[in-house]
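So the structure is just underneath, and the comments pick up after that.
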Number of protein chains: 2
Amino acid sequence: MSRNPLAPSWLVQPQSANALAPRVWSHNAVRAASGEIEVAGVSSTALALQFGTPLFVIDEADVRARAVEAVAVFTREFARIGAATHIYYAGKAFLSTEVARWVTEAGLNIDVCSGGELAVALAAGVPAEKLGFHGNNKSHAEIERAVALGVGVIVIDSLIEIERVADAAAHHGRTQAVRLRVNTGVHAHTHEYLATAREDQKFGITLADAPAAVAGIRSHASLCFLGLHSHIGSQIFGTDGFGEAVSRLLELHAQLLATGPVPELNLGGGFGIAYTDVDEPVGFSEIAAALADYVLAAATRLGIRVPAIALEPGRAIVGPSTFTLYEVGTIKNVEVTGANGDTSVRRYVSVDGGMSDNVRTALYAADYSVRIANRASDVAAELVRVVGKHCESGDIVVLADYLPGDVTPGDLLAVPATGAYCWSLASNYNYLGRPAVVAVRDGAARVIVRRETEADLLSRDAGISSPSLPTPEQAAQPVMNGIA
Amino acid sequence: MSRNPLAPSWLVQPQSANALAPRVWSHNAVRAASGEIEVAGVSSTALALQFGTPLFVIDEADVRARAVEAVAVFTREFARIGAATHIYYAGKAFLSTEVARWVTEAGLNIDVCSGGELAVALAAGVPAEKLGFHGNNKSHAEIERAVALGVGVIVIDSLIEIERVADAAAHHGRTQAVRLRVNTGVHAHTHEYLATAREDQKFGITLADAPAAVAGIRSHASLCFLGLHSHIGSQIFGTDGFGEAVSRLLELHAQLLATGPVPELNLGGGFGIAYTDVDEPVGFSEIAAALADYVLAAATRLGIRVPAIALEPGRAIVGPSTFTLYEVGTIKNVEVTGANGDTSVRRYVSVDGGMSDNVRTALYAADYSVRIANRASDVAAELVRVVGKHCESGDIVVLADYLPGDVTPGDLLAVPATGAYCWSLASNYNYLGRPAVVAVRDGAARVIVRRETEADLLSRDAGISSPSLPTPEQAAQPVMNGIA
């Protein structure tokens, strides 16, 4: 079959549009003998019937396994160079009480960056000392609460925060452990990185300003300086950027050692995952080995002891664990005229969610892939664009992939690798209710975040007085967007 | 003062960083003698004290006035060419029961595009016959409900929907008025437009396919064909694109008249507003006059009667009515090295909201402006970037504007023209609660959508069992992100 000129150059037409590329799908997602996509033994059809669509389906054992692997691998590699390891799950990727418990049981701490994330972690029963608190603009109320609850560490992001945190700690009679966020000027994205004196963004302070800031921190009896904190970017595939950052950070770290203890160094997160089968992320083992080598080399060069290393993976723990299950409602073949005047067909497949449950495609031009979930098909694959039901032409879920040519309304579609930054960023655009999140494990599925109801959507509207309001029974029904 | 090389080329340094450019602010927003920004007689400080920040502040009389003006101007101009007018408020821009009532009282119908938007309009007491129902992928449940409730008109977006709507109407013993969404191939944005055979997006069917589709609609006794529907884009400043679309639409309209009645033509919306003082949108009068001229010219050329015209403004009604009130938490001067190696300073001003309450800056690279709201200042203006408190470097609210150099933590900032697509697209990213929406009129302010509480944020989490859960009293407190 000739290639559709509308297909982006990176997109490879698959041998089979039924196959699930292992690196894009969770460990326990398979195409079963029935033809259905199953996760941990539960079929997509069963999930859709029981919980409705759209639906976030999270493979619990996959999250737990990646969390355990992260702890094991980083601990092993840093032990090799004599360093202790503290790993934080970056809650901003996806946080619910269940997931907070899973990662805690795997030995991870949790990084939160708002009072709301703090509340979720506490509601999960995570001890406050296992939490790190981040943010470029923490409110006084957030700082007060974090300190009062005994949060393990607060990352200070600006000079003005030194006094704010010190005052709160003094007020509560506590000695608060803090890190200092610095901006190394290294920015990594996918395979490349950029290095300047200071990255043009809001977080942290410069390396040059850090010694004075650390002196400020050390001048407060209510603060205990743990070390520097750095985060060089998101969805990183290479390790070179980390090498440059480690070098810059440890030079400063060595300088700070001259005036007091600096027990730790936090290198942040940003480890990339595969969203499509052409993505080739670096696994935890390779990252851990490379980071340990960078740290050892820089420490050796500088003649300092290797500090304890802290890391903050989020996407790499939870991203690959989840697929979003949608139902197809309408399909259109759209003739598109290319730059050369030739006409090609793009098939628009509309599903019952969209940019309200996955804004990453529109927000970051992110690529995703898609498979039919309720059946296999041997019909030749065709280029598709999966779009949502929002009243906006930019409402695109999967920009380009191939699906069997017989995809039809009522089919279920699964979009993998939606575990990070999809539910987190979800909105109620067009008053669509946000999907449920269902955890599947050992053949059983259970709701860990329930679907939003129409009552939820109307609950904050202060002007409701009309008798046309749905009854409580009606309003308590889950909002079912599907065509089925 | 020399120009900061980091300022974008379009940005004009204002004579006074206290001035409110009339086209960007609502009618009743002023810089009062006290130095504060007041709206309808209520000061920003009073609003922040009473309702907290961030806060959407909507100038009720402004919305009502723009709604009344739209009805008056379009009705007048189309009456001039012998056409009736039906104007729909596009609820997707911003919808609450209060706003639904305001626009209804001004004589507008309401365009909804989901069961949720339908529910809000009904809860406001808007009669179902005044509603239009849109969407490229309406669920069966939505179609059933819309038909059963007696929605005035349904816009059919694809061939498969003809049967779906016809079946629902037959089932309920109703004759459902419908329009047919066509894709004219005209896409307008700001000053320019593009015309192809078919725009590469999900909505509508081609002009070529429309006659068969209309025949299909007319073959159903349960459907009544009103006419064609078109929408050529968003945030449009010129009128040329409408001229081309009208020409194409009325040619098809004339063809359809040969086989049956076609009483109306719906030209959609997309009328732009000013987000910064360099934007020069076309006012309702100019648009209405141009559209009427285009319709008359095409109808005359084709020898047909002028149909009734329907329009769907949303942003142009509600966008300019609102500013978002934030509190400053932290400020950083960041030295940025330009392409030529020179170093300039960008001042990052962090506020207590961000991409969760205004994702348009990140999503569409939208520009906004900003003013200090709680006081005037004569200190020389400096280039700023207003950023939020989210754990993401792309969390930018205002990419570039000038503020007095003495802007400081605790100051209130107002970002105008946030009435459309900000609250609508708001998320709970990083578990931040969504702001309240407060309507101000005649010196009084009242909540029309209440602020989200921590209890709201945790209410769908199915795994909460820990004694660390906040008490109901604690959880019912509004989430206050501010530093004050």
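Here, each number is a calculation from the coordinates, and none is a lab measurement. Only a predicted model underlies this, so the values are computations on that prediction, with no experimental measurement involved. Cβ sites come from the backbone with ideal geometry, for glycine too, and all protein chains shown count toward neighbours.
The table below lists the values:
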read-out: Three-way shape call for the range B:60-318 based on the alpha-carbon gyration tensor, with the a/c threshold at 1.5; value: oblate
read-out: Per-copy distances of the B:Thr196 label point, shortest first, in nm (7 angstrom along Cα→Cβ); value: 3.5
read-out: Axial C-alpha extent at least 20 Å, average Kyte-Doolittle at least 1.0 - helices from chain A (DSSP); value: A:284-302
read-out: Estimated dipole of the range A:60-318 in Debye, rounded to 20 [Cβ of Lys and Arg +1, of Asp and Glu -1, Cα centre]; value: 740 debye
read-out: Label 7 Å beyond Cα on the Cβ vector: A:Glu286 copy-to-copy distances, nm; value: 5.6
read-out: Cα centroid separation - the range A:158-218 against the range B:85-140, whole Å; value: 48 Å
read-out: The protein assembly as shown - share of DSSP beta bridges that are antiparallel (%, nearest 5); value: 50 percent
read-out: Positive-end residue, the protein assembly as shown charge dipole about Cα centroid, Cβ charges, pick of A:Gly405, A:Val30, B:Ser344; value: A:Val30
read-out: Relative contact order %, chain A, counting alpha carbon pairs below 8 Å whose residues are six or more apart; value: 20 percent
read-out: Residues whose placed amide H lies under 5 Å from that of B:Arg347, excluding near-sequence neighbours; value: B:Val334, B:Arg385
read-out: Cβ-based exposure ranking for B:Tyr348, A:Tyr364, in which fewest neighbours within 10 Å come first; value: A:Tyr364, B:Tyr348
read-out: Three-way shape call for the range B:334-393 based on the alpha-carbon gyration tensor, with the a/c threshold at 1.5; value: oblate
read-out: Trypsin sites (Lys or Arg not before Pro) restricted to DSSP loop in the range B:285-322 with at most 15 other C-beta within 10 Å; value: B:Arg305
read-out: Count, lysine Cα pairs under 25 Å in chain B, 8 or more residues apart or across chains; value: 6
read-out: Beta bridge orientation in chain A: antiparallel %, DSSP, nearest 5; value: 50 percent
read-out: Whole-number percent relative contact order across the range A:60-318, with pairs defined as alpha carbons under 8 Å at least 6 apart; value: 22 percent
read-out: Three-way shape label, chain B, alpha-carbon gyration tensor, a/c 1.5; value: prolate
read-out: Charge dipole magnitude, Cβ of K and R +1, D and E -1 - the protein assembly as shown, Cα centre, debye nearest 20; value: 440 debye
read-out: Value at 222 nm in deg cm²/dmol, rounded to 500, when DSSP H runs of n ≥ 4 in chain A each add -39,500 (n - 2.57); value: -8000 deg cm²/dmol
read-out: Cα-centre dipole for chain A with unit charges at Cβ (Lys and Arg positive, Asp and Glu negative), debye to 20; value: 740 debye
read-out: The range B:60-318 - share of DSSP beta bridges that are antiparallel (%, nearest 5); value: 10 percent
read-out: Calculated from backbone phi, Karplus (6.51, -1.76, 1.60) coupling profile of the range B:125-133 in Hz, x at Gly/Pro; value: x, 6, x, 4, 5, 8, 9, x, 10
read-out: 7 Å along Cα→Cβ, label-point gaps from B:Ala84 to other copies, nm, shortest first; value: 7.9
read-out: Cut-off 13 Å between beta-carbons: net charge of the residues surrounding B:Leu207, Lys and Arg +1, Asp and Glu -1; value: -2
